[in-house]
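The values are calculated or read from the model by the stated rules, or taken from the named source; none is laboratory data. Owing to the predicted nature of the structure, the values given are computational and were not obtained by experimental measurement. All Cβ positions, even for glycine, are placed from backbone atoms using ideal geometry, and neighbour counts span all protein chains on display.
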Amino acid sequence: MITLPSTALALTGEEVNDIAREVTVLIRGKDPSVHGSGVLISRSDKTYYVLTAYHVVNEPDEYRIITPDKQAYQLDLNKVKRLPNVDLAVIEFTSDNEYKLAKFANSDLAKEGGSVFVSGWPAPGLVGNTSGNSTIRQFTGGQISGLLEQPYNGYKLVYTNVTRRGMSGGPVFDVGGRVVGIHGLGETEDLKALGLERMSPEAANIIGLIKPGFNYAIPINTFLTLAPQANLFLSLQVESSPATPPATPYVASNQVDERDKIDDLNSVLNTVNNTLDTIQRVRNIFPF
């Protein structure tokens, strides 16, 4: 089901960041090099659905989804739903906790020169003075610099935002705090991460489109169009009206919000194991 509010509020960059903080998740494999981002988009009872780039979860691994409250949840690879012919996937997890969900906007309204924001969790050690076991969520501002006439793997939106490895799968927001795309290609991505080393030379030419300072996203309308083909019928919030540009440009704070920082990533990831151990102990006492 899709709801269609008639108006869109103009927000400051700080307000969009507050929204991004509550809907951006971290996706991590047991292999530390498997690291990406995603966005909470829907809920059915206790099941939450996350939209991400397919290449974030396309390798066999023991993935965890880390939510904004720094709780880790097991990902069942058997329930990953890949969208046809594009680098998008929907993954899910079960929780009793209450999490906010992102709103979508009509990505056809995203035009050259429009402001956009990217949110994601870079791989540890890539931001400032973070160590190999900590990470800080990044929220960067930029402008749409172009639209590819011939999208590859769904990628069409081109923008100037700075991104880092690990932010793939993260949401791209408009100035109304609504998701208009899923980030997935950037100057820090490599052939292996995208699976392009197994593709034909013609397909690998997409790398030639990646220039310093530019990044690529799959428009959210692509997801909305293809979701039914993947048997995805989710309750989504979609706004069709444009958002008014903010009066002043967004300037990132030089202070790190503690809500955007994970000091000990392994400790957070291990919370899943602790939960599973508890369940096993209960089963040993009360066999089912």
Based on what the data block shows, is Pro171 in contact with a strand residue (DSSP E or B) (Cβ under 6 Å, 6 or more places away or on another chain) and under 18 Å from Ile220 (Cα atoms)?
yes
Note to self: On the basis of being within 18 Å of Gly170 (Cα to Cα), modelled with pLDDT of 95 or more, assigned to a loop (DSSP other than H, G, I, E, B) and not hydroxyl-bearing (Ser, Thr, Tyr), does Pro68 make the cut?
What the structure shows: yes
Check your understanding: Any chance region 248-256 includes a residue that's more than 30 Å from Pro32 (Cα to Cα), surrounded by fewer than 15 Cβ atoms within 10 Å (Cβ to Cβ), at pLDDT below 80 and not polar (S, T, N, Q)?
Key -> yes
The one condition Pro32 fails out of (1) farther than 22 Å from Ile136 by Cβ; (2) modelled with pLDDT under 95 is (1)
Here the qualifying pairs (Cβ atoms under 8 Å; residues six or more apart or on different chains; first in region 135-161 and under 14 Å from Gly181 (Cα atoms) and touching a residue at least 12 places away in the same chain (Cβ under 8 Å); second of a type in the set (Asp, Glu) and surrounded by 16 or more Cβ atoms within 10 Å (Cβ to Cβ)) come out as Asn153/Asp87; Gly154/Asp87; Tyr155/Asp87
When every residue in region 140-189 that is modelled with pLDDT of 90 or more and of a type in the set (Lys, Arg) is compared, the one nearest to Asn85 (Cα to Cα) is Lys156
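So if I check each of Tyr63, Tyr99, Tyr73, which one is closer than 22 Å to Asp18 by Cα and among the aromatic types (Phe, Trp, Tyr)?
Checking each option against the conditions leaves just Tyr99.
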Review point. Quick check: is even one residue across region 96-117 part of a strand (DSSP E or B) and surrounded by fewer than 18 Cβ atoms within 10 Å (Cβ to Cβ)?
Key: no
Apart from one, (1) at pLDDT below 95; (2) crowded, with 20+ Cβ neighbours inside 10 Å all hold for Asn133; the odd one out is (2)
Exactly one of Val80, Val179, Val90 is crowded, with 16+ Cβ neighbours inside 10 Å, free of Cβ contacts under 8 Å to residues at least 40 places away in the same chain and either under 15 Å from the mean Cα position of the chain (by Cα) or closer than 17 Å to Thr47 by Cα (or both), and that residue is Val80
Ser200 vs (1) of a type in the set (Gly, Ala, Ser); (2) surrounded by 14 or more Cβ atoms within 10 Å (Cβ to Cβ); (3) modelled with pLDDT under 90: all pass except (2)
Scanning region 42-84 residue by residue, those closer than 12 Å to Leu26 by Cα and among the basic types (Lys, Arg) turn out to be Arg64, Lys70
